Amino acid sequence: MSDSFKDILPHTEAGVMTITLNRVDKKNSLTAAMYAAMADALEAAQADAAVRVVVIQGHETIFSAGNDIGDFLNKPPAGMDSPVFRFLRGIATFPKPLLASVCGPAVGVGTTMLFHCDLVYAGDNAAFSMPFVNLGLCPEAASSLLVPQMLGYHRAAEALLLGEPFMAEAALEVGLVNRVVPPMEANGVAQSVARKLAAKPISSLVETKRLMKKGQQQMVLQQMDEEGASFGRMLGEPAAREAFGAFMQKRRPDFSKV
Ligand code: COA
């Protein structure tokens with residue numbers, strides 16, 4: 001079994017494909033291979049009439065620590081066809097209902113992917129953060145567009161400029177999550193909602209989602225491309241090198257010279 005297959009467990013039952021992030025020892029940080037496996041799973045889910053709903057879930061202690069920093073340093077995304085961008089475009093354009101169940105830390109893309117999900121269920125231990133600036137980077141996944149829209153500009157600035165985390169109750173208040181439950185119940189709640197959706201007419205679900213999203217689909221994809229170009233450039237610049245070096249060496253970054 002390849003690592004990406006072991007780290008991403010897609011499983012389909014009763015019309016619901018569940019994609020489980022399963023790299024808990026590394027806090028479900030996402031490697032290029034995992035992004036590729038998730039992009040492949042979404043493509044398969046889109047094409048397979050037997051799949052009507054997709055759920056992305058983690059572990060009750062951790063949703064995802066975002067990009068795997070070592071993997072990102074060694075194999076930075078090369079162009080818009082790289083696995084991370086395939087995955088991001090996949091969730092932004094996925095036509096069927098997409099749900100997430102989030103417990104524990106959801107860092108970086110662990111949070112930004114949720115802005116593309118239709119319904120999000122959170123454990124009361126969920127902690128959302130988008131520390132791109134603290135890593136010498138800029139937002140991705142169209143979060144520079146979608147976060148201000150959902151949170152309002154000033155709360156978005158706290159989240160994106162200061163990189164401050166916010167907890168499940170705050171996420172519920174701004175509408176990023178639909179319901180907060182005890183962590184052990186979150187995946188079960190997402191499954192039961194997914195099954196309820198899977199019993200509805202798929203053509204109505206798909207058309208309703210298309211109509212809700214069509215107003216800004218192009219804008220989202222354009223923003224993603226522009227962010228992606230900046231993000232790729234900034235990965236090689238001194239601020240990100242210092243931030244990532246500090247993470248690997250388990251020390252505080254020093255941005256005084258960048
Ligand atoms: N990339 C690579 N490895 C990561 C990682 C990441 N994003 N996040 C965690 N890990 C690894 C740690 O290096 C550690 O590995 P080790 O056991 O070999 O030393 C292991 O996962 C456990 O992480 P640790 O930090 O000890 O867990 P924690 O419970 O104290 O904290 C987090 C959990 C998620 C809060 C913390 O790991 C974190 O902040 N990670 C970085 C998140 C980040 O900046 N992501 C954005 C990337 S763009």
Angle check, please: helix 32-47 long axis (alpha carbons) against the longest principal axis of the chain (alpha carbons), in degrees 0 to 90, nearest 10. 20 degrees
Using alpha carbons only, how many angstrom separate the centre of segment 52-71 from the centre of segment 102-158? 13 Å
For segment 166-182 versus segment 189-258, the gap between their alpha-carbon centres in whole angstrom: 18 Å
Placing +1 on the Cβ of each Lys and Arg and -1 on the Cβ of each Asp and Glu in segment 136-209, which of Ala168, Ser144, Ala186 has its Cα farthest towards the positive end of the resulting dipole? Ala186
In whole percent, the fraction of accessible protein surface over the chain that belongs to carbon or sulfur atoms, probe radius 1.4 Å, stands at 57 percent
Using the heavy atoms of the protein chains alone and a 1.4 angstrom probe, what is the accessible area of the chain per residue in square angstrom? 47 Å²
Ignoring everything except DSSP H segments at least 4 long, calculate the 222 nm mean residue ellipticity for the chain; use -39,500 (n - 2.57) per segment, divide by total residues, nearest 500. -14500 deg cm²/dmol
Give the lysines whose C-alpha is closer than 22 Å to that of Lys214, dropping any in the same chain fewer than 8 places away, or say none. Lys96, Lys200
By the scheme Lys and Arg +1, Asp and Glu -1, what is the net charge of all other residues having a beta-carbon under 15 Å from that of Phe166? -4
Between 0 and 90°, nearest 10: helix 217-235 axis offset from the chain longest Cα axis: 30 degrees
A student applying the Cα gyration tensor rule (rounded when a/c is under 1.5; otherwise prolate if a/b is larger than b/c, oblate if not) would label segment 140-183 prolate
Would you mind classifying segment 1-154 by shape? Square roots of the alpha carbon gyration tensor eigenvalues, ordered a ≥ b ≥ c; an a/c under 1.5 is rounded, otherwise it is prolate if a/b is larger than b/c and oblate if not. rounded
Starting from the amide H of Ala126, placed 1.01 Å from N in the peptide plane, find each other amide H under 5 Å away whose residue is 5 or more places distant or on another chain. Gly104, Ala168
May I ask for the angle, rounded to the nearest 10°, between helix 202-213 and the longest principal axis of the chain, with both axes built from Cα atoms and the value confined to 0 to 90°? 40 degrees
For labels at Gln222 and Arg195 in the simple 7 Å Cα→Cβ model, what's the distance in nm? 4.4 nm
Residues whose modelled amide H sits under 5 Å from the amide H of Val55, counting only those 5 or more places away in sequence or on another chain, are Met17, Thr18, Ile19, Leu99
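The values are calculated or read from the model by the stated rules, or taken from the named source; none is laboratory data. As the structure is a computational prediction, the values presented were derived from the model and not from experiment. Cβ: placed from backbone, ideal geometry, glycine included. Neighbour counts: every protein chain shown. Keep in mind that these areas ignore ligands, DNA and RNA; they rest on the heavy atoms of the full protein, side chains included. Shrake-Rupley method; radii C 1.70, N 1.55, O 1.52, S 1.80 Å.
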